[in-house]
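The structure under discussion appears below in the form of structure tokens.
Computed from the coordinates by the stated procedures, all read-outs in this text should not be read as laboratory data. Since the model is a prediction, treat every value here as computed from it, not as a measurement. Cβ: placed from backbone, ideal geometry, glycine included. Neighbour counts: every protein chain shown.
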Amino acid sequence: MAALHDIVFLSLTTAWTLFFIVNMLRVLARTRALQIVLWIVAGIGLLVVGVVLLVYGFEGLALPYTSTAGLFVPGMFAAGVLSASLKKAYGAYYGIYVVVMSIVYVVSKMFGAGLALASLLAVHVPSGLIIIFVPVIFALRGLHVLALTSIGGLLISIAGAALASLAAGSPLIPAELVLLIATPIIFLSALLITIGLMRCRKWMGE
């Protein structure tokens, strides 16, 4: 069972993610933009992780689909950022890369191939860099609200890598620290990333 502060932050994360997904579905109906589809997938991944942790506590990290869903959070947010800021094709290619790495992760966990941690980091590290640096470049060019997305990207990179490595059985930082900071960081990162995206009408394709 999750601690009280974890329940509070995970409940907030779940509620906000539902709001974000509904908002993105409305935007998708108007724009048909690829980045919106990718961000909806990221939102669904975040929703799965939040609900699993809310129901099972951090023991839910041991479930086979939790870390896999977690890969889609930074991965698809990053793919959407590439699609919105550069070319749609870049977002599509990166989305395919995330799916392939997710399959590698699942196969490695099933057959003990020893690539679980490597495949997790292969998504979390570049995705984190994309979410941090691409929005901040555009924020400096005038789309100031995207600075929020960059800050959120930094936070989700920390939380995502920490939780993913813990789930893979090779924690990068002490497990006690991960469990203490994880849920507040998950909520703040989700809030900041999505507010930055939703407030940037240019990246919404509108």
Given 10 °C, 1.306 mPa s and a Kirkwood radius over Cα pairs, the Stokes-Einstein diffusion coefficient of the chain in µm²/s is 95 µm²/s
With +1 on each Lys and Arg Cβ and -1 on each Asp and Glu Cβ, and nothing else charged, work out how big the dipole of region 4-199 is about its Cα centre, in Debye to the nearest 20. 820 debye
Per-residue Cβ contact counts at 10 Å, fewest first, order Met110, Met76, Met24 as Met110, Met24, Met76
How do Thr31, Thr149, Thr17 rank when sorted from fewest to most other Cβ atoms within 10 Å of their own Cβ? Thr31, Thr17, Thr149
Any idea what angle helix 4-31 forms with the longest principal axis of the chain, computed on alpha-carbon atoms, 0 to 90 degrees, nearest 10? 30 degrees
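Just need the relative contact order of the chain here, percent rounded to a whole number, with Cα pairs under 8 Å and 6+ apart.
Across the chain, relative contact order equals 22 percent.
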Can you put Leu12, Leu4 in order, fewest other beta carbons within 10 Å first? Leu4, Leu12
Report, in degrees rounded to the nearest 10, the 0 to 90 angle that the Cα long axis of helix 116-140 makes with the longest principal axis of the chain. 30 degrees
Using θ = phi - 60° and the Karplus relation 6.51 cos²θ - 1.76 cosθ + 1.60, list the HN-Hα couplings for region 89-103 in order, rounded to whole Hz, with x at every Gly or Pro. 4, 5, x, 5, 5, 5, x, 5, 4, 4, 4, 4, 5, 5, 5
For helix 64-85, report the angle its Cα long axis makes with the longest principal axis of the Cα atoms of the chain; keep it between 0 and 90° and round to the nearest 10°. 20 degrees
